[in-house]
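What follows is a set of notes on a single structure, which appears directly below.
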Amino acid sequence: MYDVIRILNFLIRNGIFIFSIAIFSSYIVMAVISGIEIFRYMRKNSFVDYLSIIPSPYAPSITIIAPAYNEGKTIIENIRSLLSIHYIDFEVVIINDGSKDDSLEKIIAHYQLEKVDYFVNYILPSKPVRGVYKSINKAYKKLIVIDKENGGKADSLNAGINICNKKYFAAIDVDCILEEDAILRMIKPFLEYSNSRVIATGGVIRIANSCKIRDGKIVEINFPTNWIARFQVLEYTRAFLMGRMAWSRLNGLLIISGAFGIFDREIVIKSGGYDIKTVGEDMELVVRMRRYMIENDLKYKIVYIPDPLCWTEVPESLNILSRQRSRWTRGNMETLFKHMTLFFNPKYGVLGMLSHPFWFFFEWLAPIIEFLGFFYVILICIMGDPNWPFFLLLLGFTYLFAVCYSAWAVVFEEFTFARYRRKRDVFRLILISLVEPIFFHPLNVWYAIRGNFQYLTGVTSWGKMERKGFAGKKKIKN
């Protein structure tokens, strides 16, 4: 029996070592690819005049779809921000998703709206539309407001797609802040590729906590004062610059942030629209669109833009953060398991042989292995058979790798887009990278385990979250 335990211990120990090397290697490869691609992107676009796209007859039409639930405190400023973007052929569709506050009344009064007769073609499933509103003021002719029964974000986005008639649509969280040229930069890839159809584009999401905002615009970029938000600045910098750029180059990106992305409306409809039964509707839609293109033997691309284009507020309390991260885990699991036919399936190319397995092992399974590893260490200590040199070597290497990877992401951001102008903010991020593996990362592991438990027990709700908001404290339903 003792020999069996020793053999099992040997297999587990070496399995963990091999798994760790695989993770480290993949991250190094992604960092190298991302670095090359970002510098290539900056060199390619350094002389681009994005404003020339505005009057171009080839500039495609676009609808900005923004679901809103109980956003009464900031909805007027949010809409003003969306209406002021630099583009010519666009419309803004606000979806009032059964708000229980005064959101709709404020919009109607401020933007001089009146209810109009409007045929709604329910191409995609959504809750019934109670009314469609347009302004009598020609200054707001680009604005359409939809009042519908509450159905959640995915349901609201489907309703917006049913209403809009432009070739492309941008899905955005209504309380996000867009850069003025965000649409110009995001629409450019749709015009560039002639041998492949671009079906979606995504961009960098930055953190707006503690930033100064006036008239729906970022007027001063500040480093967050809240420590939980600071950890997330490092996390977002690492994820967007070191991860998604590499997956875009490999044409294997599985997710475009729900905060801001542009999609080909025709392909979204043919793919079935947003799945209203999942909490990870953004990732699930991208995977389904990819499957549609591959199964119909159509050449396509999903392009990632490394420019910081959208600013959003992140949780500043552990309670709210835990709800968000647990929901992210559930959304990841829903998509992975729903599309398990992709798993190492050569028919789907990069999607089946690389993207899906990577997300399966390193995004879903890795936190579970890490969590179980904690109990494994306790068990071998109780059994009296610890290999302390191996354990300390692996622990030290893991910590050093995590710190170096995060620090590299910070330095890389500083030499490219450099949104934080004060040098002390950059040094703060470097210092945070030293403590993140000790304090913040274990929390994310625990939230992932919590998300797994919720998935197995059938939890399907987004849960109620509270944000400070850009203009005072407000409650939102996510």
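The values are calculated or read from the model by the stated rules, or taken from the named source; none is laboratory data. Computed from a predicted structure; not experimentally measured. Cβ sites come from the backbone with ideal geometry, for glycine too, and all protein chains shown count toward neighbours.
If you check 417, 412 for being in contact with a helix residue (DSSP H, G or I) (Cβ under 8 Å, 6 or more places away or on another chain), surrounded by 15 or more Cβ atoms within 10 Å (Cβ to Cβ), over 25 Å from residue 7 (Cα atoms) and not aliphatic (A, V, I, L, M), only one passes: 412. For the stretch 155-194, what are the residues that are at pLDDT 90 or above and among the aromatic types (Phe, Trp, Tyr)? Listed by number, the residues that qualify are 168, 169, 190. In the stretch 233-249 there is at least one residue matching the filter, namely being without any contact (Cβ under 8 Å) to a residue 40 or more places away in the chain and of a type in the set (A, V, I, L, M, F, W, C). Only one entry in 362, 374, 391 is within 17 Å of residue 26 (Cα to Cα) and modelled with pLDDT under 95, namely 362.
Given the structure, is residue 157 touching a helix residue (DSSP H, G or I) at 6+ places or on another chain (Cβ under 8 Å), surrounded by 23 or more Cβ atoms within 10 Å (Cβ to Cβ) and under 10 Å from residue 67 (Cα atoms)? Here the answer is yes, as residue 157 does meet what is asked. Restricted to the stretch 240-252, and to residues there that are aliphatic (A, V, I, L, M) and closer than 20 Å to residue 182 by Cα, the residue that is modelled with the lowest pLDDT is 241.
A quick yes/no check of all residues on (1) under 28 Å from residue 270 (Cβ atoms); (2) surrounded by fewer than 17 Cβ atoms within 10 Å (Cβ to Cβ); (3) touching a Cys at 6+ places or on another chain (Cβ under 8 Å):
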position	(1), (2), (3)
122	yes, yes, no
152	yes, no, no
174	yes, no, no
181	no, no, no
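Inspection of the stretch 98-113 identifies no residue that is of a type outside the set (S, T, N, Q) and touching a Cys at 6+ places or on another chain (Cβ under 7 Å).
Within this structure, residue 22 passes the test of being at pLDDT 90 or above, under 27 Å from the mean Cα position of the chain (by Cα), over 15 Å from residue 185 (Cα atoms) and loosely packed, with under 15 Cβ neighbours inside 10 Å. For the residues 257, 271, the requirement of being closer than 23 Å to residue 326 by Cβ, of a type in the set (S, T, N, Q) and buried (at least 19 other Cβ atoms within 10 Å of the Cβ) singles out 257. Considering only residues in the stretch 58-105 that are closer than 17 Å to residue 130 by Cα and part of a helix (DSSP H, G or I), the one that is farthest from the chain's Cα centre (by Cα) turns out to be 105.
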